[in-house]
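Notes follow the structure.
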Amino acid sequence: MVVLSSPSSKPSTKRIDWQAIAREFAQVVGKEGVVQRKEELLVYECDGLASYRQRPALVVLPRTTEQVSALVKICDRYAVPFIARGAGTGLSGGALPIENSVLIVTARMNQILEVDLANQRVVVQPGVINNWVTQAVSGAGFYYAPDPSSQIICSVGGNVAENSGGVHCLKYGVTTNHVLGLKLVLPDGSMVDVGGKVAEMPGYDLTGLFVGSEGTLGIATEITLKILKTSESIHVLLADFTSVEAAGQAVSDVISAGIIPGGMEMMDNFSINAVENVVATNCYPRDAEAILLIEIDGLAVEVAANSQRVEAICRQNGARSIRWPPIRRSASPSGKAVKPPSLPWAKLALIITCRMA
Amino acid sequence: MGKISPDYYVQDGVIPRTKLQYVLREIEALSQKHGYRVANVFHAGDGNLHPLILFDNAIPGQLEQVEALGGDILKLCVAVGGSISGEHGIGADKRCYMPEMFTATDLETMVWVRQAFDPKGLANPEKMIPTPRTCGEAARAKTQDFPGVEQF
């Protein structure tokens, strides 16, 4: 196998004056924006991949693009590596510090800067929590589609870095399909805007390049997101199968029939029993080899027609039982709509509805 | 899952939908071979698997074995024409598996892009792209490849 040399920093033998760096950071973000006590640094030593841990030398908490730029310039001048961190929920260790590094945490960059409903876009700082975007616009009947399971705690900046997905990305695409533009601080501290407020931008697709670059190309400090109109109608179907193969074939057949469900989730027998052991929903048959949770969304007439077709396809593939839990939610006449639930919420909703039933 | 097993390790791979049945059978075989239970919960529609491998981190050596099983599942995903990451990213966890799905030229192209933005290599180094220092000669993610990183 071939491994490549890269610009990664070599372990430095020179002594780094962390006190001097901390003083310079404090001039940018104030003393309260610099974390340097060992016990306070502990919480930053890992992200969602908790099996690897490394304490950073310093943590800084900027609030603005200009502050991020100034901090990165200091890192550049002292030639110390920096790692951006959002909410620290990432599961691949993207925000894991390395030895002698600075962690730039975006938690205080938590402002929604602009909501433009007419043009269906929202500008946020990177520390804004994914779910806040939907909360900010749901009253007007809009939502932000990418919905990682951690959406109530993960940050939009982290979603951009990892190009996060979620249940509804089957139909609506992953983060990169919902980012129109970015304000970036490059690794030398310079500020640049890529993309814009409209979808079709000429030139290189630098927005596309940056989304999913895992913090290796710089730090996004303002993010322009696309928001979508909430579906008029949403149905969820729960089908159980006596073989994983049959459930898998049903998935393929639904998509082959030209139906793209809002979400399509499968759980195997082991997982079903794990859920039942803990929360006792009595929704999931313990002897099923697999269950499918299929969410069908869209216009009411489309949802009605596709629901019938999906049910027929599941039955053709030997579904033992099909239920339509009373999770059917639609945009209310007042325009106050509910965002389609993501996987854990879909499950939770099913649990709740089954208990109510 | 916490009620069933003290710890779990979640992997993230993508496969073509049509290979679902085959891959699930193979994951079961790998699970038996390695001796760890694997629960499958996944975004079936887009072929994005999230196998949850159950283990006990208090027992020395289990984490490494579970990572090896996770690595075998990723290689299986690549072998059927899929990918080593659906939505979690590569980060520190999976960079040593990048050569499973990219050629040296592919990876070199990525390094060029990275260098164009970050010639000094200061922005999140040691992530995403495998290097001799981080992955050595073997495309295996092992904790000892993270110098200075405390292992739990």
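Could you grab the pairs with beta carbons closer than 7 Å, sequence gap of 6+ or different chains, first residue in region B:108-129 and facing another protein chain (nearest Cβ under 7 Å) and within 22 Å of B:SER85 (Cα to Cα), second one among the hydroxyl-bearing types (Ser, Thr, Tyr) and surrounded by fewer than 18 Cβ atoms within 10 Å (Cβ to Cβ)?
none
Just the residues that are hydrophobic (A, V, I, L, M, F, W, C), within 19 Å of A:GLY215 (Cβ to Cβ) and surrounded by fewer than 19 Cβ atoms within 10 Å (Cβ to Cβ), please, taken from region A:168-199.
A:LEU186, A:MET191, A:VAL192
Evaluate the following for A:GLY208: is it touching a residue at least 12 places away in the same chain (Cβ under 8 Å) and of a type in the set (Gly, Ala, Ser)?
Yes: the conditions hold for A:GLY208.
Name the pairs: first residue in region A:226-242 and of a type in the set (Gly, Ala, Ser), second residue in a loop (DSSP other than H, G, I, E, B), Cβ to Cβ under 7 Å, at least 6 apart or on different chains?
A:SER231/A:PRO340; A:SER233/A:LEU299; A:ALA239/A:ALA319
Tell me the strands (runs of 3 or more DSSP E) entirely within region A:80-124 that contain at least 2 residues that are crowded, with 18+ Cβ neighbours inside 10 Å.
Ranges flagged: A:82-85, A:102-105, A:121-124.
Considering region A:150-170 alone, what residues qualify as being part of a helix (DSSP H, G or I) and either at pLDDT 95 or above or of a type in the set (S, T, N, Q) (or both)?
A:VAL156, A:GLY157, A:GLY158, A:ASN159, A:VAL160, A:ALA161, A:GLU162
Give me the strands (runs of 3 or more DSSP E) completely within region A:204-304, filtered to those with at least 3 residues that are over 20 Å from A:TYR144 (Cβ atoms) and either at pLDDT 95 or above or within 27 Å of the chain's Cα centre (by Cα) (or both), ordered by residue number.
In region A:204-304, A:233-241, A:263-268, A:290-298 are the strands (runs of 3 or more DSSP E) which contain 3 or more residues that are over 20 Å from A:TYR144 (Cβ atoms) and either at pLDDT 95 or above or within 27 Å of the chain's Cα centre (by Cα) (or both).
The values are calculated or read from the model by the stated rules, or taken from the named source; none is laboratory data. If you're wondering where the values come from, they're calculated on a predicted model, not measured in any experiment. Neighbour counts run over all protein chains shown; Cβ positions are idealised from the backbone, glycine included.
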